[in-house]
Each structure stands twice: as C-alpha cells, then as structure tokens.
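Okay, so here's the structure we're looking at.
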Amino acid sequence: MDSKENEVKQIASQLLAGMLANPHVYAKVSDEGGKGRQEQELILVAIEMAESLLEKVKERTD
C-alpha cells in the first residue's frame, strides 16, 4: 500500500468513528450490522471526506 492510501484509510477510519459516535448522524444500528445501507453510506462519505481533506492539504502546501 502506498502512503496516500494509508493516510486515506486512517483519516476515513477516524471520521467514520466520529460519525458513528454521533447520535444525530447514526441513531441506530441497522439489522444488517456493518453491512447495512446506512453503514455503507457512512463508510463512503468518510472515504470521500478523507480524500477531500488530503487534496486540500496538498493544494495548500504546493
């Protein structure tokens, strides 16, 4: 795995943990557990947010 991929995974994991801990974002575990629709959507959002954050950091440092 390259460095960027590791950074995205780490940031996305932290963002996802924050979203799951927030009852306004994630009020109830679905019947499917981590494979439910809401959980999968939150995972995708966390990944997109992580990638976006890394892009913004890169733009500012260039």
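The values are calculated or read from the model by the stated rules, or taken from the named source; none is laboratory data. Nothing here was measured: the structure is a model prediction, and the numbers come from that model. Heads up, the Cβs are rebuilt from the backbone with ideal geometry, glycines too, and the neighbour counts pull from every protein chain shown. Surface areas here come from the heavy atoms of the whole protein model, side chains and all, with no ligands, DNA or RNA. Shrake-Rupley method; radii C 1.70, N 1.55, O 1.52, S 1.80 Å.
To the nearest 20 debye, what is the magnitude of the charge dipole of the chain about its Cα centre, counting +1 on the Cβ of each Lys and Arg and -1 on the Cβ of each Asp and Glu?
So the magnitude is around 180 debye.
Of (1) 19, 12, 10; (2) 41, 11, 7; (3) 26, 12, 8, which one was derived for semi-axes √(5λ) of the Cα gyration tensor in Å from the structure shown?
Matching entry in (1) 19, 12, 10; (2) 41, 11, 7; (3) 26, 12, 8: (3).
What is the count of Lys pairs in the chain whose alpha carbons sit under 22 Å apart, if the two are 8 or more places apart or on different chains?
So the count of such lysine pairs works out to 5.
Top to bottom by accessible area (1.4 Å), largest first, where do K58, K28 land?
Sorted descending by solvent-accessible area, the residues read K28, K58.
Give the accessible surface of the chain per residue, rounded to a whole number of Å², with probe radius 1.4 Å and ligands, DNA and RNA excluded.
For the chain, the per-residue accessible area is 79 Å².
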